[in-house]
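One structure is given here, and the rest of the page talks about it.
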Amino acid sequence: MVPDMDQNSETASQSTASFGFRTVPEAERQGLVNKVFASVADRYDLMNDLMSGGLHRLWKRELITMLNAPRNATPFKLLDVAGGTGDIAIRYAKDSGPNATAVICDISPEMLDVGRRRIADAGLDSRITCVEGNAEQLPFENANFDAYTIAFGIRNVTHIDKALAEAYRVLKPGGRFLCLEFSECRVPLLDRAYDFHSFEVIPRLGQLAAGDSESYRYLVESIRRFPKQEAFADMIRSAGFSRVSYRNLTGGIAAIHGGWKI
């Protein structure tokens, strides 16, 4: 039987995706996410401070420690996805050897503008490159990077499975995948305090500090919609990664997931 193209098109147009606690047409989700990050780009570090109580700085340091890039002259190439403001890439470059380079790939030009300024201020233009691109369809060749990191970005991707498949594709054999993301708090009482902070405090702080409560509300809601630790680990395995594990941070408020392309 020949497929009914009109029916297939109609079905595709009716596909939906979550945008925080809302359900929106799938085709519109990325544009809505882009608007959020265009709004908060200049205050991205402030956003993370509000959402984590400043703990994101310690969590990112742990991510760089786990990455363990060589501090000698060995060439090492990192792809940092959704890292537009350069926070991870700059930390990595300062912590690594002189031949450690990074490419930041982000879909948001506003975030990349912030990153380019910060990279220039740090004097790292020769070691860090910024590229505009989608995590679901990376503009890089196969087996091109020694490591792939993504921090607080993968929950904003419409098709997480596609992003993970792309991560696997662009890594060299033996390459490392690391993802830092908000997760499920697993400490009694702390989880209640965290929920109160997330839903009652953060949107108000976002309004006061940035004049934008709705973007912060979406970001909080997107955390709750993101797969829990074991479910996300299973997704990483399904993408082909081996030796998949995760480490809870601050009782599971955040977690670092890792895997290897073997």
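Evaluate the following for residue 115: is it more than 13 Å from residue 149 (Cβ to Cβ), surrounded by 14 or more Cβ atoms within 10 Å (Cβ to Cβ) and within 16 Å of the chain's Cα centre (by Cα)?
Details: more than 13 Å from residue 149 (Cβ to Cβ): yes; surrounded by 14 or more Cβ atoms within 10 Å (Cβ to Cβ): yes; within 16 Å of the chain's Cα centre (by Cα): yes.
The answer is yes for residue 115.
Of the residues that sit in the range 180-200 and are among the hydrophobic types (A, V, I, L, M, F, W, C), out of contact with any Phe, Trp or Tyr (no Cβ under 8 Å at 6 or more places or on another chain) and touching a residue at least 40 places away in the same chain (Cβ under 8 Å), which one is farthest from residue 147 (Cα to Cα)? Before the answer, list the steps.
Taking the range 180-200 as the starting set, the residues that turn out to be among the hydrophobic types (A, V, I, L, M, F, W, C) are 180, 182, 185, 187, 189-190, 193, 196, 199.
Next, only the ones that are out of contact with any Phe, Trp or Tyr (no Cβ under 8 Å at 6 or more places or on another chain) stay: 187, 189-190, 193, 196, 199.
Of the ones still in play, those that are also touching a residue at least 40 places away in the same chain (Cβ under 8 Å) are 187, 190.
Numbers: 187: 31, 190: 33 Å.
Among residues in the range 180-200 that are among the hydrophobic types (A, V, I, L, M, F, W, C), out of contact with any Phe, Trp or Tyr (no Cβ under 8 Å at 6 or more places or on another chain) and touching a residue at least 40 places away in the same chain (Cβ under 8 Å), the one farthest from residue 147 (Cα to Cα) is 190.
Quickly run through the range 80-99 and pick out the residues that are of a type outside the set (Gly, Ala, Ser) and surrounded by 23 or more Cβ atoms within 10 Å (Cβ to Cβ). So that I can check it myself, show each step before the final result.
From the range 80-99, those of a type outside the set (Gly, Ala, Ser) are 80-81, 85, 87-88, 90-92, 94-95, 98-99; that's our starting set.
Correct list: 80, 81, 85, 88, 92.
Conditions (1) modelled with pLDDT of 95 or more; (2) more than 25 Å from residue 23 (Cβ to Cβ), marked per residue:
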site: 145; (1), (2): yes, yes
site: 150; (1), (2): yes, no
site: 153; (1), (2): no, no
site: 156; (1), (2): no, no
site: 172; (1), (2): yes, yes
site: 176; (1), (2): yes, yes
site: 195; (1), (2): no, no
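The values are calculated or read from the model by the stated rules, or taken from the named source; none is laboratory data. Here the structure is a predicted model, which means the values were calculated and not measured. Backbone-built Cβ (ideal geometry, glycine too); neighbour counts: all protein chains shown.
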